[in-house]
Amino acid sequence: MEKGTSIAWVRAREILDSRGNPTLEVEIGLAGGAVGRAAVPAGASKGIYEALELRDGDPSRYGGKGVLKVVANVQQVIGPKIIGLSALDQEGLDHLLIELDGTPNKGRLGANAVLGVSMAVAHAAAASQGLPLYAYLGGPEASLMPLPLFNILNGGRHAQGGVDLQEFMVVPVGAANFAQACQWGAEVYHALGRLLEERGFSLSVGDEGGFAPPLAHNEEAIALVTASIEAAGFRPGEEVAVAIDAAASELYREGRYVLSKESKALDAEQLVEMWEEWCSKYPLVSIEDGLAQDDWEGWAFLTSRLGRKVQLVGDDLFVTQVDRIRRGIDQRVANAVLIKPNQVGTITETVEAVRVAQKAGYACVASHRSGETEDVTIADLAVALSMGQIKAGAPARGERTAKYNRLLRIEEELGAKARLAPLPFSV
Ligand code: PGA
Ligand code: ZN
């Protein structure tokens, strides 16, 4: 073992996330003095096939959301088994964590316990090598900056009283570099704020920092976002395009997709028709979870209709898990995968999911969760694995800008080597 890289101590604690809920933070120290720290995010519109996020369920603390059991699992169950092992063997450690848990959904120790340790090990190992995380995990070749998808209008589970659809994002497809993409995203965000103010809406925001106006129709949201691109002085589609996350699993009731704001219940075919119409009317280049997590038939239809020209991202559908991604590839379903490490639980499994997707020509989008912390691991992962895209919420609010700001620093560090990834599908 390389000198000083064995794990010397493991510490865990409960910290607060962006919604004021407790979450897990893990610190790992190596014999040579290097320390790694990581915090685990939490979803609100979770897929049913995600790895299990363990919570205490004790109503006397944090409304049952405490993570003291998870803290104990890290310190008392995982810690003693990994102390003395090499932090440089990420795969070996991750497989040990999977074995220690022993369940298919990491329900015994909690996927949050497992991911916290997996990420903290990676950070400690990178520090021991004197490398930034993206270079430690991605090697000297890692230099592709992800195209950012800024969520500027929130709805669904992330915005009480907002529209039914969860996320309306802007994508600076014409930007020359990541810094310019950030600038453009922020300018459009502020232009949307001005448009909403003019229309008499409050500027309250949803969980991911995007505005959350109580619009009467979902289509009004995409129309407003498109208008805000123009109002900020950009050419819609050419310079700044639009992406949505319908989070359709949340709309699904007994075979139909319920748009409660519009008192509509559409079948899969009708919803696909709506997406097609939106693609022809708006500069819409990416649709995430356009249908529900178990609607494979609907997804195949959606992909046959739009999959050649629009990015179709599976989030709840794939839950960052290789078996579901493989099924999608086999059945020609979707053409892109949302990558959320906490849906699967370890860095190694996240890397495998990305590799399987990329090998099949599927695009990858690194993703935060609606409940976030200052942790920026996903920003480094996006660069390390050349994912090509990232969504981390609005270009506002500290837990969101932490990821974008980390990428600004990485771009600066890479200097002339850095390239901003292009949009993977032509519109
Ligand atoms: P979540 O939503 O983090 O609340 O699950 C994010 C998403 O659906 O992409
Ligand atoms: Zn999603």
Would you mind stating whether P214 is free of Cβ contacts under 8 Å to residues at least 60 places away in the same chain, crowded, with 16+ Cβ neighbours inside 10 Å and more than 23 Å from the chain's Cα centre (by Cα)? no
Could you list, ordered by first residue, the pairs with Cβ atoms under 8 Å in which the first is in segment 81-99 and in contact (Cβ under 8 Å) with a residue 24 or more places away in the chain and the second is basic (K, R), at least 6 apart or interchain? I98/K106
Given the criterion open to solvent by less than 10 Å² (accessible area, probe 1.4 Å), in contact with a Cys (Cβ under 7 Å, 6 or more places away or on another chain) and closer than 21 Å to A113 by Cα, identify the matching residue among I347, I339. I339
One residue is enough: does segment 49-63 have a residue meeting the conditions of a type in the set (A, V, I, L, M), open to solvent by less than 20 Å² (accessible area, probe 1.4 Å), within 15 Å of Q343 (Cα to Cα) and under 23 Å from the mean Cα position of the chain (by Cα)? yes
For the subset of segment 6-48 comprising residues that are of a type in the set (V, I, T) and surrounded by fewer than 20 Cβ atoms within 10 Å (Cβ to Cβ), which member is farthest from ligand 1 (Cβ to nearest atom)? V35
From the list T401, T350, T320, exactly one residue is polar (S, T, N, Q), within 13 Å of the chain's Cα centre (by Cα) and assigned to a helix (DSSP H, G or I). Which is it? T350
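So that you can scan it fast, the table gives a plain yes or no per residue for (1) closer than 30 Å to V35 by Cβ; (2) free of Cβ contacts under 8 Å to residues at least 24 places away in the same chain:
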{"position": "A127", "(1), (2)": "yes, no"}
{"position": "A135", "(1), (2)": "yes, no"}
{"position": "V171", "(1), (2)": "no, no"}
{"position": "E198", "(1), (2)": "no, yes"}
{"position": "F201", "(1), (2)": "no, yes"}
{"position": "G206", "(1), (2)": "no, no"}
{"position": "N218", "(1), (2)": "no, no"}
{"position": "S228", "(1), (2)": "no, no"}
Restricted to segment 226-267 and to residues being in contact with a Ser or Thr (Cβ under 8 Å, 6 or more places away or on another chain) and open to solvent by 10 Å² or more (accessible area, probe 1.4 Å), the residue farthest from G47 (Cα to Cα) is P236
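The values are calculated or read from the model by the stated rules, or taken from the named source; none is laboratory data. Source: prediction; values computed, not measured. Ideal geometry is used to build each Cβ from the backbone, glycine not excepted, and the neighbour counts take in all protein chains shown. Quick note on the areas: whole protein, heavy atoms, side chains included, nothing else; ligands and nucleic acids left out. Shrake-Rupley method; radii C 1.70, N 1.55, O 1.52, S 1.80 Å.
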